[in-house]
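Report on the structure given below.
The values are calculated or read from the model by the stated rules, or taken from the named source; none is laboratory data. Since the structure is predicted, the reported quantities are computational estimates derived from the model, not experimental observations. Here the Cβ is made from the backbone with ideal geometry for all residues, glycine too, and neighbour counts use every protein chain on show. These area figures cover heavy atoms from the full protein model, side chains too; ligands, DNA and RNA do not enter into them. Shrake-Rupley method; radii C 1.70, N 1.55, O 1.52, S 1.80 Å.
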Amino acid sequence: MMKGLLTVFVVGILAGSMSVKAQSVADIVTDEFYNGIIDQSDPGCAGRNFYTWNAFLEALESFPEFGTADDPRREAAAFFAHVTHETGHLCYIEEIAGPDSPNSEYCDDEDFPQYPCNPDKSYYGRGPIQLSWNSNYGQAGERIGFDGLNSPETVADDPVISFETALWYWVNVVQPVIGQGFSETIRAINGPIECDSGNPPAVEARVSYYIDYCNQLGVDPGPNLRC
């Protein structure tokens, strides 16, 4: 009798786990969850009318691999923790300093000659993960279907493409290391500046958002949180 009950119990757990795994990202990132992030930004933020939930869902259709490298809830929590930090709760469409930053061009023609910079354009941060550098604009444009080198401003003008660039960067650069813990996702996004005591407050902010979103989505954050 006990063995039978144990079998039923284990099967029930497995079935429950499978049902969680079978959840789509759209089921996890509900409008309630999404609005809980963007509603914390200032009402006057440009991003509030730009970064819509529907734009995210539409962009998601082009990247079905998102949410497949880990528990989809944990991956969604990690993604939006970084998005929250990079954009101030989906407030900023462009890097705050933008064209006025000392290195606004973000041009590296020497290492990436296949993605030549347009001298009239700047490749500073734009979008939910603040896409930067000519190589990333070029590669993202090839994958998504826009002229990233000659029209980088598209990332700040088209909300779907904007989210697509963030998802492109995620699945190509961040997703491969997500299994090593949230710490490595920080390193993949802004490691040289923030990790290894480079900017502890920024790291703590990302971790705080991540833990909060994991709690909201009902998933354990896992080990190795700080880089």
By the mean-Cβ-within-10 Å protection proxy, highest first, 50-56, 129-135 rank as 129-135, 50-56
Sorting Thr165, Val25, Ser62 by the position of each Cα along the dipole of the chain (Lys, Arg +1; Asp, Glu -1; all at Cβ), the one nearest the positive end of that ordering is Val25
Binned at 5 Å from zero, the C-alpha pair distances of the range 23-125 give percents of 2, 11, 17, 18, 15, 15, 13, 7, 2, 0
Total charge of the residues flanking Tyr106 in space, meaning their Cβ is under 12 Å from its Cβ, with Lys and Arg +1 and Asp and Glu -1, is -2
Sorted on mean Cβ neighbours within 10 Å (highest first), peptides 33-40, 184-191, 79-86 come out as 79-86, 184-191, 33-40
Under the helix-only model (-39500 (n - 2.57) for each DSSP H run of 4 or more, divided by the residues of the chain), the mean residue ellipticity at 222 nm, to 500 deg cm²/dmol, is -15000 deg cm²/dmol
Whole-Hz Karplus couplings 3J(HN,Hα) for the range 176-187, θ = phi - 60° and coefficients 6.51, -1.76, 1.60, Gly and Pro as x, run x, 10, 5, x, 8, x, 4, 3, 6, 6, 5, 4
Taking Cys195, Cys227 and ranking on accessible area (1.4 Å, protein atoms only), highest first, one gets Cys227, Cys195
Within the under-13-Å Cβ sphere about Phe63, not counting Phe63, Lys/Arg +1 and Asp/Glu -1 give a net charge of -4
Quick calc, the chain, dipole around Cα centre from Cβ unit charges on Lys, Arg (+) and Asp, Glu (-), nearest 20 debye, gives 1060 debye
Shape descriptor, the chain: equivalent ellipsoid semi-axes (Cα gyration tensor, sqrt 5λ, whole Å, largest first) stand at 34, 18, 18
Net charge (Lys, Arg +1; Asp, Glu -1) of residues whose beta-carbon lies under 15 Å from that of Ser208, Ser208 excluded, is -2
